[in-house]
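See structure below.
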Amino acid sequence: MKDALAGEWVSIDPKAFEEFSKSMGEEAGEASPFPDTGALDTKTQQKITKALSKEIADNAKFTDAGSRDGADHVKVAVPAGKTADAIAEALKPMEKQLPKEFKLSELKDVPSKNIDFDVAIKDEKLSGVTIDLAQFDKKAAGKLPVSIGFNADAAPVKAPAGASTLNPQDVMGAMMQIMMGEMDA
């Protein structure tokens, strides 16, 4: 993650992310992305997904941000504190399956502020998402936008030799760090 944030080349193996995703849905007792824990059963996964979807549908604010670069833009503001509370509630049934470093009680400390995203839509399809990472640091001066673009027609890009590999566990760990306390750093 440090290399990615420093602007260095990283490589991502789509197969590793696919396997990671599948392992999250395997039956209890089989391989899990978290050491020494069982994976989530389908019913628990559905409960978590439903709770998170409901939270976003009920609390996110969507605002037309105009058009630029051939895409329509929508500003999405998600209330961090409320969302963290919903995540904590949704994860309660599987608390014992989470890594010991992940404490649901810490989600109660997430500040009551919005997390803003810029969503780009082109030809009625998602074409990009941008988040300003500076919004997570009270001391930041300026912006630190990170954009992810989506283009089904794009040619594949290969990272140069020696690029660090970005594993799905690294991404998940970074997101947990952000949600569990980096916001008020």
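The values are calculated or read from the model by the stated rules, or taken from the named source; none is laboratory data. Fair warning: this is a prediction, and the values are worked out from it, not measured in the lab. Backbone-built Cβ (ideal geometry, glycine too); neighbour counts: all protein chains shown. These area figures cover heavy atoms from the full protein model, side chains too; ligands, DNA and RNA do not enter into them. Shrake-Rupley method; radii C 1.70, N 1.55, O 1.52, S 1.80 Å.
Identify, from the list Ala141, Ala134, the residue that is among the aliphatic types (A, V, I, L, M), exposed (fewer than 13 other Cβ atoms within 10 Å of the Cβ), modelled with pLDDT of 85 or more and out of contact with any strand residue (DSSP E or B) (no Cβ under 7 Å at 6 or more places or on another chain).
Criteria check complete, one pass: Ala141.
Counting just the residues of the range 43-55 that are under 22 Å from Lys113 (Cα atoms) and at pLDDT below 75, which one comes out surrounded by the most Cβ atoms within 10 Å (Cβ to Cβ)?
Glu55
Report the residue count in the range 58-70 for those that are open to solvent by less than 70 Å² (accessible area, probe 1.4 Å), under 23 Å from the mean Cα position of the chain (by Cα) and over 18 Å from Asp132 (Cα atoms).
Final tally of qualifying residues: 1.
What is the number of the single condition among (1) loosely packed, with under 12 Cβ neighbours inside 10 Å; (2) modelled with pLDDT under 80 that Ile148 does not meet?
For Ile148, the exception is condition (2).
Only one of (1) modelled with pLDDT under 85; (2) open to solvent by less than 80 Å² (accessible area, probe 1.4 Å) fails for Ile115. Which number is that?
Exception for Ile115: condition (1).
Quick one: how many residues across the range 151-185 are modelled with pLDDT of 75 or more, of a type in the set (S, T, N, Q) and loosely packed, with under 14 Cβ neighbours inside 10 Å?
Residues that pass the stated criteria total 2.
If a residue has to be more than 18 Å from the chain's Cα centre (by Cα) and either basic (Lys, Arg) or modelled with pLDDT under 85 (or both) to count, how many in the range 71-89 make the cut?
Number of matching residues: 0.
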